[in-house]
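Beneath this line is the structure, given in structure tokens, with notes to follow.
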Amino acid sequence: MILSVFASLQAQTDSLWSLRTDSSTHWLSLVSEHRQISFDADIPAGNFSGITPIGNGLFAVVDDKKEDGFYVFSLKFDERGMLSSVYNVGFIPSGLVNRDAEGIVYVPSSRTVFISGEKHNDVLEYGLDGTPTNRKLDIPEYFKAAQANRGFEALAYNANTHLFWTTTESAIRGDSILRLQSFGEDLQPRESFPYRLDYPSAPSAGNRVHGVSAMTALDDGSLLILEREAYMAKEKIGSWVNCKVFQVYPRQSSVKHLVHEWKTSVSLFHRDFANYEGMCLGPVLEDGSQVVILISDSQNRYSGFLSDWFKTLVVK
């Protein structure tokens, strides 16, 4: 079934969704925030860490604990931009060992996906059948000093600007800021820009994760950057995740524009704790507003009380 789906994709032009190109700075505003929703009966439990549209309502999704490769999910939306269904088409293995896959992007011109692996902080290319092409981004030496499990969580690509983007989750040892690194379609590094995380709201002591977990590149050269701060209490009750989506124009200034912020938690009365690690664009709605899709890492639905949450924001 999966192969027939991709055979169809190869025979037609993909209509990937994106914001219109605008040469001027346009700060996005939140139109609506939809409640997070799970489809646990329709998809396997996972450690989902990246998502990208590949056309025809299909999305490639990576799992950082599974064998190397990617899932294909079918997503449907209602007229307001809220997810109405998520269906697992299947998993496509690459034959490689687990790379701690974190980010994934689709390149329409080559009909391939690129996946960032945090284990070695590399970004490799694969065919839609999962076969590695043996091509990869030429990562600058600077990033090889990234802390273990704090490397390439985020990966973005835009077909209009012809640029890939990545950064480390946390600052590299000896540095106080993150570096937004771009790459051309020749896979060679282009420009690097500083990026400063917001100050964390929780103390560094304890089981806390703070950094950039996802990134999306827009047609106008700006980036949507997801900063995620997660605090895990010893007894689980009291754990929380705070997420902020910023828009930046890295080539123009270091200004960060907050698009939206939200928090999830575990308490005696509810458990909506959602560690969002993947983000991409969804459809454009009739009024011209843009859907942004987020997917969480449930740690394989940890202890049976976490879910694989999805969330959509609508911006314009």
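Values in this text are rule-based calculations from the coordinates and carry no lab data. Values in this document were obtained by computation on a predicted structure and should not be read as measured data. Here the Cβ is made from the backbone with ideal geometry for all residues, glycine too, and neighbour counts use every protein chain on show.
In summary, the lysines within cross-link reach of residue 236, defined as a Cα separation below 23 angstrom excluding same-chain residues under 8 places away, comprise 65, 244, 263, 311.
Of the GluC sites (Glu not before Pro) found in the stretch 188-249, those that fall in a DSSP loop while having at most 13 other beta-carbon atoms within 10 Å are 235. Converting phi to 3J(HN,Hα) with the Karplus coefficients 6.51, -1.76 and 1.60 and the offset θ = phi - 60°, the stretch 30-47 yields 6, 8, 7, 10, 9, 4, 5, 9, 10, 10, 4, 7, 10, 9, x, 4, x, 10 Hz in sequence order, with x at every glycine or proline.
Between the amide H of residue 99 and those of 68, distances stay under 5 Å, these residues lying 5 or more places away or on another chain, with hydrogens modeled in the peptide plane.
Sort the stretch 130-184 into rounded, prolate or oblate with this rule: let a ≥ b ≥ c be the square roots of the eigenvalues of the Cα gyration tensor; rounded if a/c is under 1.5, and if a/c is not under 1.5, prolate when a/b is larger than b/c, oblate otherwise. It is prolate, given that a/c is not under 1.5 and a/b is the larger ratio. Can you give the FRET efficiency to the nearest 0.05 for residue 78 and residue 188, using r as the Cβ-Cβ distance and R₀ = 45 Å? Using R0 = 45 Å, I get an efficiency of 0.60. Taking amide H atoms as placed 1.01 Å from N in the peptide plane, the amide H of residue 221 has no partner under 5 Å among residues 5 or more positions away or on other chains. The charge dipole of the stretch 134-291, taken about its Cα centre with unit charges on the Cβ atoms of Lys, Arg (+1), Asp and Glu (-1) only, comes to about 640 debye.
Each Lys and Arg contributes +1 and each Asp and Glu -1, all at the Cβ; summed about the Cα centre of the chain, the dipole is approximately 600 debye. Remark: the stretch 182-190, residue by residue, has Karplus-estimated 3J(HN,Hα) of 9, 9, x, 5, 7, 6, 8, x, 10 Hz, where x stands for each Gly or Pro and the curve is 6.51 cos²θ - 1.76 cosθ + 1.60 at θ = phi - 60°. The simple Förster model, with R0 at 45 Å and r as the Cβ-Cβ distance, assigns residue 208 and residue 56 a FRET efficiency of 0.70. Between the beta carbons of residue 35 and residue 316, assuming R0 = 25 Å, the FRET efficiency works out to 0.80 to the nearest 0.05.
Label the chain by shape, choosing from rounded, prolate and oblate, from the square roots a ≥ b ≥ c of the eigenvalues of the Cα gyration tensor; if a/c is under 1.5 it is rounded, and otherwise prolate applies when a/b is larger than b/c, oblate when it is not. Here the chain falls in the rounded category. In order along the stretch 283-288, phi translates into HN-Hα couplings of x, 8, 7, 4, 7, x Hz, rounded to whole numbers, per the Karplus curve 6.51 cos²θ - 1.76 cosθ + 1.60 with θ = phi - 60° and x for Gly and Pro. Approximating the spin labels as points 7 Å out from Cα along Cα→Cβ, the residue 257-to-residue 129 distance works out to 4.4 nm. The Cα center of the stretch 164-221 and the Cα center of the stretch 76-146 differ in position by 18 Å.
Is the shape of the stretch 272-316 rounded, prolate or oblate, going by the alpha carbon gyration tensor and its root eigenvalues a ≥ b ≥ c, with a/c under 1.5 for rounded and a/b larger than b/c for prolate? Here the stretch 272-316 falls in the prolate category.
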